[in-house]
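Below is one structure, written out as structure tokens; the observations come after it.
The values are calculated or read from the model by the stated rules, or taken from the named source; none is laboratory data. What you see is a predicted model; the values in this text were computed from it and never measured. Here the Cβ is made from the backbone with ideal geometry for all residues, glycine too, and neighbour counts use every protein chain on show.
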Amino acid sequence: MRSLATWTIVIWAALHTGALDQAPQRTQAPATDGRLNIIAFGAHPDDCDQRAGGTAAKYAALGHRVRFVSITNGDAGHQTEGGGALAARRRAEAQAAGRKIGVDYVVLDNHDGELLPTLAVREQIIRQIRQWNADLVLAPRPNDYHPDHRYTGILVQDAAYMVVVPNVAPDTPALRKNPVFMYFEDGFQKPQPFAPDVAVSIDEVIDKKIDMLDAHVSQMYEWLPWVAGNLEAVPKDPTARRRWLFETRAPRPTPAVRATLVQWYGKEKGDAVRYAEAFEICEYGTRPDQAMIRKLFPFLP
Ligand SMILES: [Zn+2]
């Protein structure tokens with residue numbers, strides 16, 4: 001018969017070799033409930049709305065899960081306000097915007113105008129992508145006038161492979177399947193212009209997109225017109241200023257986006273689309289074929 005001391009040693013050894021513990025979960029499989037998990041990253045709490053708000057509204061209407069993540073808290077984006085008070089205002093605006101179309105909106109607490117592609121921020125992004133169990137990740141291209149936008153592009157690229165590596169950010173189970181990564185549309189020409197692979201008609205949700213933008217009062221009606229030198233052009237009346245927002249912000253297709261619309265929707269429908277959002281496939285992550293693109297964009301005809 002073993003003594004109490006011997007049993008103590010046996011139990012201690014079992015605990016410390018993991019024999020009595022559940023092994024920690026190192027990876028997670030894709031969701032199997034038929035709903036897509038989409039996550040979009042912007043540098044500031046209105047960036048995702050401008051580039052993918054209409055597409056997000058279409059996903060949400062079909063019951064898919066969308067999360068928008070702002071990597072900075074937006075605390076530099078105003079001509080007369082700043083710091084914690086502005087960050088709080090912008091967080092509230094982002095959450096109001098998310099509620100307009102039924103998407104989740106996360107604002108990370110990194111300073112606006114100071115974003116750098118550090119390991120700490122990369123790990124924040126890896127965790128976000130894993131926690132959302134993402135099928136599709138959207139982000140800016142890393143060539144943009146604004147350093148925060150540029151580094152958001154770099155940071156998401158830097159996360160694109162690491163999300164499947166269990167030993168990186170090991171507190172959050174790694175994805176077993178690498179998501180598809182795609183870029184938002186932009187107008188920058190160097191080193192190469194945006195090359196759309198997918199274009200989505202947002203005609204039936206354009207008002208929802210403008211409603212989202214309308215929630216970002218500090219940006220759409222204060223900061224952005226001020227920095228552009230046309231603050232006096234903003235109407236004072238809320239109905240008139242929303243109309244002005246529509247006229248100045250509803251995204252009309254470029255020739256390249258029009259060609260991509262025709263490719264996906266056919267000549268007649270593609271030519272008739274008034275408002276669109278477009279996306280370019282990133283070379284990192286899973287490279288989707290046509291069938292996978294149709295699965296990831298279920299509203300394409
Ligand atoms: Zn921005």
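Here are a few things to note about the model shown:
- Segments classed as helices (runs of 4 or more DSSP H), wholly inside segment 220-266, with at least 1 members that are among the aliphatic types (A, V, I, L, M) and in contact with a Gly (Cβ under 9 Å, 6 or more places away or on another chain): 224-227, 255-265
- Any hit, segment 211-219, residues being surrounded by 17 or more Cβ atoms within 10 Å (Cβ to Cβ), modelled with pLDDT of 95 or more and among the acidic types (Asp, Glu): yes
- In segment 118-131 there is no residue that is closer than 22 Å to GLY54 by Cα and basic (Lys, Arg).
- Residue within segment 52-67 that is assigned to a helix (DSSP H, G or I), within 14 Å of the ligand (Cβ to nearest atom) and at pLDDT 95 or above present: yes
- Checked against (1) within 16 Å of MET212 (Cβ to Cβ); (2) touching a Ser or Thr at 6+ places or on another chain (Cβ under 9 Å), GLU81 passes all but a single condition, namely (1).
- Odd one out for ILE71, checked against (1) within 12 Å of the chain's Cα centre (by Cα); (2) over 22 Å from PRO147 (Cβ atoms): (2)
- Selection status of ASN167, farther than 26 Å from THR254 by Cα and under 14 Å from the mean Cα position of the chain (by Cα): no
- Taking (1) crowded, with 19+ Cβ neighbours inside 10 Å; (2) within 16 Å of the ligand (Cβ to nearest atom); (3) assigned to a strand (DSSP E or B) in turn, LEU108 satisfies each apart from (1).
- Across segment 43-50, a minimum of one residue is classified as small (Gly, Ala, Ser), at pLDDT 95 or above and within 10 Å of the chain's Cα centre (by Cα).
- Residues being surrounded by 18 or more Cβ atoms within 10 Å (Cβ to Cβ), within 13 Å of the ligand (Cβ to nearest atom) and touching a residue at least 24 places away in the same chain (Cβ under 8 Å) - total across segment 138-169: 8
- Members of segment 58-80 found to be farther than 18 Å from GLN128 by Cβ and either surrounded by 24 or more Cβ atoms within 10 Å (Cβ to Cβ) or among the charged types (D, E, K, R) (or both), listed by number: LYS58, ASP75, GLY77
- Residue within segment 75-88 that is outside any loop (DSSP other than H, G, I, E, B) and touching a strand residue (DSSP E or B) at 6+ places or on another chain (Cβ under 9 Å) present: yes
- With respect to (1) assigned to a helix (DSSP H, G or I); (2) under 29 Å from ALA272 (Cβ atoms); (3) aliphatic (A, V, I, L, M), the lone exception for MET182 is condition (1).
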